[in-house]
């Protein structure tokens, strides 16, 4: 479901940096694995994020704010704070096939099926596939194109059996931090479809973090910007946070 | 003959039906209520309300006050930090009737019959970690005046009608006595069941059919809900206690189902009784001697005594991919059911056609007791394209209600007739729903084909208003699709509710524009199609309308 996987992307931003070592850099796979380790290196997280949708000329269309708590790779609780028409809506993900939505208008918790992952999410520029990728080394074969200053440039092609709406990704990985700074998505005709840029490194709650990602759709002339407003990691979030009881509690 | 059909637009305010299945768009309306505001409006008079026994009502209120105080004390929340969460919303709604023949008279083509502007406020107060108070207030401004006589012109209430209501004014405490126990007390809407809008196991709150476009809306009621959570089962056991019965609000059009001109559509489902009623009507009319008056309808509300409390229990748990629940409810059918129909010849009246005898009818409506055993489940099926499926079924055991037609006109041969008697209490015909079980169910699925195409389909056996006889329950298909355009900013929603039994339909197309933050513009229509004696074709199901609606939430 888009709601859930969207948050995987936000999650990818809040990661502690670690340099790519010479050992890591011996192979493209080593570079990508180290970078993926940086991105997914947490036990639990709690963060506040803002998504801003913009037209091609930079005009803001919509602002979406969420508070997200998650534990491990699967359990996730999302509370929508903005815009007003979705305020109060909450989503609980227990595993890829088990998602509940609390609808405050009906005082009702609803099981939602996994097919909803095909739905677009409030007009953002992320597809389900793009947001569903937490570890790139699990779904792509990397090849080192070059080292561009302080960045490694990798060429990622989908592994056999993995199907994507693009043909390949060019990825820029920061040598010093392991952060994935930029990704460009191309079709088979080498036309650049989208660009994802990550940056604005800040220290949030003691963790050095990329706090901003911008996905630009070059075809639609539209962009979505995600900002991490606050972040806490490894607080020891309890399992009972990820229950229907807490989902309905609303705080 | 069909029952007093709520205008079954089969859907709530536009966005809700698909939202229930996880769609992105949301209704702006937020439920809730502030008891203190009502007290202020009433000048702090005892709020017993019409029809309530003051002594009992006061006692009940006091009981709740004591319980609430006890809960707060038990939770130790007296000095806890309070966090407030506010929600505001506005909604403006204008509707134009486009039919000619579905109203009380047939000369009102193209007129506005609905203009409602709602301002809502909801607040959640989190008191410490374990106490939550929720209040909601909705103020409704009606743009259509209620002026009927000279004096109304100086009465602002008639010139500019306003109403206040509330969906919530309750307190919830977590960890009361046991860590896994939660208790809610107060005025609230509480939901059971898994089906979208048409849940036969969801009998906790009465329905609200005032607005034909908000099908499935509910009225808040006073209750206590205790839930003991079972983490190892991903489930819970829940008990609900409702001290006072509250009936479903019927749509304005429901009265048309009980007019003299619509005798064939009166809410009498039993074929024998219905035929007797029609025969009675036409026999008198055929003689050219009678002047038929609209029936006088009397509602027999259950008293607010201890004997009329309702409640139930429900257990919910996870089994593999399935979320299952089983429930038991004991209460009353919240739709009125005709119990007695009296048909009398009254005085002679001189009319343009000559001297006529008034033919008067009195109908007594009751709310029969019911017991409901419910089973429901919901699942996402990974082995079937991740299809979402659900089932919601209820076995209902009704109180025996003798539906009787009394008349001054004895008709021999009817099995219920009292041979040899004359006078006003001769039972002409009868039917009775025996105290046997009958069943209602809803089964549905939904699926997302592409990022811009979603579908939701449900099969229904039995409708909200249908009661008492297996052969009185119709079968329905409720289906709809969502088509998104312009980067999700424009939604075309097409919904239909088809009565398989009699072939009538409701069509409900809508365009919903969500271009700006928190704002929604709607343009839509609702059409009731079918013969005059069908579920959705009869006048009681409401007018054919086009509407515009604006929603803002912040």
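The values are calculated or read from the model by the stated rules, or taken from the named source; none is laboratory data. Everything quoted here is computed from the prediction, not taken from an experiment. Virtual Cβ from ideal backbone geometry, glycine too; neighbours counted across all protein chains shown.
See the values below:
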{"quantity": "Region B:183-197, residues that are part of a loop (DSSP other than H, G, I, E, B) and farther than 15 Å from residue A:105 by Cα", "calculated": "B:193, B:194, B:195"}
{"quantity": "Among the candidates A:125, A:85, residue that is in a loop (DSSP other than H, G, I, E, B) and under 29 Å from residue B:204 (Cα atoms)", "calculated": "A:85"}
{"quantity": "Some residue of region B:291-300 being out of contact with any helix residue (DSSP H, G or I) (no Cβ under 9 Å at 6 or more places or on another chain) and at pLDDT 90 or above", "calculated": "yes"}
{"quantity": "Meets criteria (surrounded by fewer than 19 Cβ atoms within 10 Å (Cβ to Cβ), within 10 Å of chain B (Cβ to nearest Cβ) and in contact (Cβ under 8 Å) with a residue 24 or more places away in the chain) for residue A:94", "calculated": "yes"}
{"quantity": "Yes/no for residue A:116 being buried (at least 22 other Cβ atoms within 10 Å of the Cβ), touching a residue at least 40 places away in the same chain (Cβ under 8 Å) and within 11 Å of chain B (Cβ to nearest Cβ)", "calculated": "yes"}
{"quantity": "Identity of the residue in region A:175-192, within 14 Å of residue A:148 (Cβ to Cβ) and more than 18 Å from the chain's Cα centre (by Cα), that ends up surrounded by the fewest Cβ atoms within 10 Å (Cβ to Cβ)", "calculated": "A:176"}
{"quantity": "Pick from region A:88-104, criterion in a strand (DSSP E or B) and within 19 Å of the chain's Cα centre (by Cα), ranking: modelled with the lowest pLDDT", "calculated": "A:95"}
{"quantity": "Residues of region B:71-90 that turn out to be under 36 Å from the mean Cα position of the chain (by Cα) and at pLDDT 70 or above, as a count", "calculated": "9"}
{"quantity": "When residues of region B:297-315 are limited to those that are surrounded by 12 or more Cβ atoms within 10 Å (Cβ to Cβ) and out of contact with any strand residue (DSSP E or B) (no Cβ under 8 Å at 6 or more places or on another chain), the one nearest to residue B:231 (Cα to Cα)", "calculated": "B:304"}
{"quantity": "Residue that is more than 30 Å from residue A:89 (Cβ to Cβ) and crowded, with 16+ Cβ neighbours inside 10 Å, where the choices are A:237, A:144", "calculated": "A:144"}
{"quantity": "Qualifying residue in region B:180-194 (condition: within 30 Å of residue B:446 (Cα to Cα), touching a helix residue (DSSP H, G or I) at 6+ places or on another chain (Cβ under 8 Å) and within 13 Å of another protein chain (Cβ to nearest Cβ))", "calculated": "no"}
{"quantity": "Residues (surrounded by fewer than 17 Cβ atoms within 10 Å (Cβ to Cβ), in contact with a strand residue (DSSP E or B) (Cβ under 7 Å, 6 or more places away or on another chain) and under 30 Å from residue A:59 (Cβ atoms)) located in region B:516-529", "calculated": "B:521, B:523"}
{"quantity": "In region B:530-543, the residues that are crowded, with 18+ Cβ neighbours inside 10 Å and in contact (Cβ under 8 Å) with a residue 60 or more places away in the chain", "calculated": "B:534, B:535, B:536, B:538, B:539, B:540, B:541, B:542, B:543"}
{"quantity": "Condition broken by residue A:134, with the remaining ones in (1) assigned to a loop (DSSP other than H, G, I, E, B); (2) within 14 Å of another protein chain (Cβ to nearest Cβ); (3) under 15 Å from the mean Cα position of the chain (by Cα) satisfied", "calculated": "(2)"}
{"quantity": "Flag if residue B:171 is under 21 Å from residue B:217 (Cα atoms), in contact (Cβ under 8 Å) with a residue 40 or more places away in the chain and outside any loop (DSSP other than H, G, I, E, B)", "calculated": "no"}
{"quantity": "Boolean, residue A:55 is buried (at least 21 other Cβ atoms within 10 Å of the Cβ) and either modelled with pLDDT under 90 or away from chain B (no Cβ under 12 Å) (or both)", "calculated": "no"}
{"quantity": "Candidates A:185, A:152, filtered to the one that is modelled with pLDDT of 90 or more and under 22 Å from residue B:450 (Cα atoms)", "calculated": "A:185"}
{"quantity": "Region B:461-488, residues that are surrounded by fewer than 19 Cβ atoms within 10 Å (Cβ to Cβ), at pLDDT below 90 and away from chain A (no Cβ under 14 Å)", "calculated": "B:469, B:470, B:471"}
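To keep it simple, each residue is scored yes or no on (1) surrounded by fewer than 22 Cβ atoms within 10 Å (Cβ to Cβ); (2) over 26 Å from the mean Cα position of the chain (by Cα); (3) within 9 Å of another protein chain (Cβ to nearest Cβ); (4) farther than 30 Å from residue B:117 by Cβ.
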| residue | (1), (2), (3), (4) |
| --- | --- |
| B:158 | yes, yes, no, no |
| B:164 | yes, no, no, no |
| B:168 | no, no, yes, no |
| B:172 | no, no, yes, yes |
| B:176 | yes, yes, no, yes |
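Every residue, every condition in (1) touching a residue at least 40 places away in the same chain (Cβ under 8 Å); (2) touching a helix residue (DSSP H, G or I) at 6+ places or on another chain (Cβ under 9 Å); (3) closer than 28 Å to residue A:74 by Cβ; (4) surrounded by 16 or more Cβ atoms within 10 Å (Cβ to Cβ), yes or no:
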site: A:137; (1), (2), (3), (4): yes, yes, yes, yes
site: A:148; (1), (2), (3), (4): no, no, no, no
site: A:151; (1), (2), (3), (4): no, no, no, yes
site: A:156; (1), (2), (3), (4): yes, yes, yes, yes
site: A:164; (1), (2), (3), (4): no, yes, yes, yes
site: A:169; (1), (2), (3), (4): no, yes, yes, yes
site: A:194; (1), (2), (3), (4): yes, yes, yes, yes
site: A:210; (1), (2), (3), (4): yes, yes, yes, yes
